[in-house]
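Chemist: Take this structure first; my questions come after.
The values are calculated or read from the model by the stated rules, or taken from the named source; none is laboratory data. Everything quoted here is computed from the prediction, not taken from an experiment. Ideal geometry is used to build each Cβ from the backbone, glycine not excepted, and the neighbour counts take in all protein chains shown. These accessible areas exclude ligands, DNA and RNA; they are computed on the full protein's heavy atoms, side chains included. Shrake-Rupley method; radii C 1.70, N 1.55, O 1.52, S 1.80 Å.
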Amino acid sequence: MHADLVKLLDLQDKDTMVVDVQRRMEALQGEVAVLDQILRQAQGVLDLARRAAADGIRRRDELEARVEGHRILQERRQLRLEQVRNPKDAATLMAEFDLARTVMSKEEDEWVRSAEAVGVLELRAVEEEHKLEALAAAQTPDRTLLEERRAALEEELRAAQREREESASRIDRQLRTRYDRLRRSRTADVVVPLVGGTCGACHTSIPLNRRTQIRSGAVLDGCEGCGAILYPPEAPGSA
């Protein structure tokens, strides 16, 4: 068995541990994301309710200003009616007064409906705000637990990374560089066993003389197909 093989297999085991913790952290983040999405949806509903209430208030205020404008104009018409002496002019002013009163009455009715609608919209916004607050409160225990798990995983990751670096430091720099380069370019293991005369990763056939050298520990050879570093199946860690 090649002298560096055990070191490489140990480093690979440490890398596997690091990846496992990272995957669990990603899964944990996924759980947090689900909770965040629920809150975002509730916040979106609240934002819509608030915008609807604000639009309703703006519409109500516009109607109120128009009604007030009509009221002022009617007061002026009333004064003119009291002062005019020509019957024809009085008739014209009275027709204007009646028409304006009809318009103003309609807009007053519309203002009442708008004010009632604003009350409903404001109540809905308050209800949606309470729902959001209740959701956030209901999530607190879960978020606390998730935060505790995240902190524990971060500590576990730091420990795994320290062990990984300690293992890597025991390997020749050139070999470690080779291993790291291969690991960055692969999703599977870098160090794989011979399986029936073929690469255990891509199943490329390995020539007999190279197999013999690998089994004897004379070389650390790589697969010509995928670049994986090969080791005899009876080596430690191959089970």
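Chemist: Considering Cα pairs under 8 angstrom that are at least six residues apart, work out the relative contact order of the chain and quote it in whole percent.
Modeler: Dividing the mean separation by the residue count of the chain yields 31 percent.
Chemist: Which length gain, in nm to one decimal place, applies between Leu123 and Ala138 when the Cα-Cα distance is subtracted from 0.36 nm times their residue separation?
Modeler: Difference between extended and current length: 3.2 nm.
Chemist: Tell me, what ³J(HN,Hα) does each residue in the stretch 209-224 have, in order and in whole Hz, if you take phi through Karplus 6.51 cos²θ - 1.76 cosθ + 1.60 with θ = phi - 60° and put x for Gly and Pro?
Modeler: Running phi through 6.51 cos²θ - 1.76 cosθ + 1.60 with θ = phi - 60° gives 5, 6, 4, 4, 5, 5, 5, 7, x, 6, 9, 9, 9, x, 6, 6 Hz.
Chemist: To the nearest Å, what is the center-to-center distance of the stretch 206-235 and the stretch 15-86, using C-alpha atoms only?
Modeler: So the separation of the two Cα centres works out to 69 Å.
Chemist: Once you charge only the Cβ atoms, +1 for Lys and Arg and -1 for Asp and Glu, what is the size of the charge dipole of the stretch 114-239 about its Cα centre, to the nearest 20 debye?
Modeler: 1360
Chemist: Report the residues of the stretch 121-157 in range of a label on Val32: point 7 Å along Cα→C-beta, backbone N strictly under 17 Å from it.
Modeler: Residues 139-157 qualify, since their backbone N sits under 17 Å from the label point.
Chemist: Rounded to the nearest 0.05, what FRET efficiency do Gln83 and Arg58 give with R0 = 35 Å and r taken as the Cβ-Cβ distance? Could you check?
Modeler: Values: r = 38 Å, r/R0 = 1.10.
It comes to 0.35.
Chemist: Residues of the stretch 56-84 with the amide nitrogen closer than 16 Å to a label point 7 Å from the Cα of Asp98, along Cα-to-Cβ, please.
Modeler: 78, 81
Chemist: Same structure again: Show me the three semi-axes of the equivalent ellipsoid for the stretch 17-172, from the C-alpha gyration tensor (sqrt of 5 times each eigenvalue), largest first, rounded to whole Å.
Modeler: Numbers: eigenvalues 1063, 42, 16 Å².
Computed over the stretch 17-172, the values are 73, 14, 9 Å.
Chemist: Pick out, from Ala95, Ala201, Ile214, the residue whose Cα sits farthest towards the positive end of the charge dipole of the stretch 67-221, with +1 on the Cβ of Lys and Arg and -1 on the Cβ of Asp and Glu.
Modeler: Towards the positive end, the residue furthest out is Ile214.
Chemist: Next question. Give me the dipole magnitude in Debye, nearest 20, for the stretch 28-137 about the Cα centre, with unit charges on the beta carbon: positive for Lys and Arg, negative for Asp and Glu.
Modeler: 600
Chemist: Roll a 1.4 angstrom probe over the protein heavy atoms and tell me the percent of accessible area of the chain that is carbon or sulfur.
Modeler: 54
Chemist: Non-local amide H neighbours of Tyr231 (under 5 Å, H modeled in plane, Pro and chain starts lacking H): which ones?
Modeler: Val192, Leu194
Chemist: Check the chain for me: any Cys whose beta-carbon has no other cysteine beta-carbon within less than 4.7 Å?
Modeler: None; all cysteines have another Cys Cβ under 4.7 Å.
Chemist: Here's a follow-up. Just grab the label-to-label distance for Val112 and Arg24, each label 7 Å out from Cα along the Cβ direction, in nm (one decimal).
Modeler: 6.8
Chemist: How much solvent-accessible surface does Lys106 expose, in Å² to the nearest 10, with a 1.4 Å probe and all protein chains in place?
Modeler: 140
Chemist: Is there a quick way to get the dipole size of the chain? I mean about its Cα centre, with the Cβ of Lys and Arg at +1 and of Asp and Glu at -1; what is the value in debye to the nearest 20?
Modeler: I would put it at about 940 debye.
Chemist: Residue by residue through the stretch 186-197, which ³J(HN,Hα) values in whole Hz follow from phi under the Karplus form 6.51 cos²θ - 1.76 cosθ + 1.60 (θ = phi - 60°), with glycine and proline marked x?
Modeler: 10, 9, 9, 4, 8, 9, 10, x, 6, 10, x, x
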